[in-house]
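Beneath this line is the structure, given in structure tokens, with notes to follow.
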Amino acid sequence: VERRKTSGVAVLPGKLTDCASEDPERTELFIVEGDSAGGSAKQARDKEFQAVLPLKGKPKNTWQDSPDTLYANKEIEAIALAIGVDHHKPGDAVDLSGLRYKRTIILADADVDGSHIQVLLLTLFFRHFPKLIENGYVFVAQPPLFRIDVPAHGKNKPARKLYALDEQELQVLEEKLVDEGVREGAWTVSRFKGLGEMNADQLWETTLNPDTRRVLPVSLEDGLEVSNDIFNMMMARENASQRREWMETYGNLVEADIT
């Protein structure tokens, strides 16, 4: 990787579908799991400023990987080459002049597997690219889990499509429809099985369009040391028993979609 970066030639991963703009203040990179979701994102994106990097399978847990072996994984190497910043530690003086995107957005399915992918990628950035998080360059996309097709009703109320992130938001939207006078049961609810199931217009409207999407900025509210302890407990191989104790204590507080 070092040799490729210092060769004087801009070498980008072959799986990267880049954008036209080279202004990092405008551009954003979507890291997507799987060719199916990656294909949908490529069709839906704005080619001017949105790039897409599909990954093959779930990312590797890199919490205990040393810098010397990090790029042995081709998917991790592709991420580093795409963003244009080398791996580093929190206290390192990092050259961010090669940063190609001011927004790196994790785009995964709105289910348990998608949440796992988010955690693995956040682990990678927190452990090996912390300056990206510290500078506010990492985001998590929030694609919807449900689509609500509402029929036309009353005067000047045409048919429409609504989207809900989860069961709770779906319930709120259905309650609002009843308050609006829509007959209960008149609408239909569809559950997305994944990003690859959305057509380009739906994915653009709900997840990619900066004017209508919802994305979460990643930050360290409790500070680096506390966050490091939590990651170590959750991601280190030798802490399996500690994780089990944590889940037994706090597992009942988690609302997880495991269907």
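The values are calculated or read from the model by the stated rules, or taken from the named source; none is laboratory data. Everything numeric here is computed off the predicted structure, so don't read it as measured data. All Cβ positions, even for glycine, are placed from backbone atoms using ideal geometry, and neighbour counts span all protein chains on display. To get the accessible areas, we keep the full protein, side chains included, count just its heavy atoms, and leave off ligands, DNA and RNA. Shrake-Rupley method; radii C 1.70, N 1.55, O 1.52, S 1.80 Å.
Here are the numbers for this structure:
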| quantity | calculated |
| --- | --- |
| Inter-label distance for ASP46 and ALA20, nm, one decimal - labels placed 7 Å from Cα along Cα-to-Cβ | 1.2 |
| Sequence-distant residues sharing a close amide H with ARG103 (under 5 Å, placed H) | LEU29 |
| For HIS153, distant residues with modelled amide H under 5 Å away | none |
| Lysines with Cα under 20 Å of LYS74, excluding same-chain neighbours fewer than 8 positions away | LYS5, LYS15, LYS56, LYS58, LYS60 |
| Signed unit charges on C-beta, dipole axis of the chain, positive-most listed residue ASN228, SER21, PRO144 | SER21 |
| Where region 75-192 is the region considered: accessible area per residue in Å², 1.4 Å probe | 46 |
| Percent carbon-and-sulfur accessible area, the chain, ignoring ligands, DNA and RNA, probe 1.4 Å | 49 |
| Whole-Hz couplings from phi, Karplus 6.51/-1.76/1.60, listed for region 37-47; x for Gly and Pro | 5, x, x, 5, 5, 5, 6, 8, 5, 8, 5 |
| Long-range HN-HN contacts of LEU55 with modeled amide H, under 5 Å | VAL32, GLU33, GLY34 |
| When each of LYS42/LYS102; LYS42/LYS193; LYS47/LYS131; LYS102/LYS176 is checked by Cα-Cα distance, pairs over 29 Å | LYS102/LYS176 |
| Contact order normalised by residue count of the chain, Cα under 8 Å, 6+ apart, percent | 19 |
| Low-density loop cleavage sites - GluC sites (Glu not before Pro) in region 145-250, where at most 15 other Cβ are within 10 Å (DSSP) | GLU180, GLU184, GLU221 |
| Convex hull (Cα only) mean projected area of the chain, reported in nm² to one decimal | 16.3 |
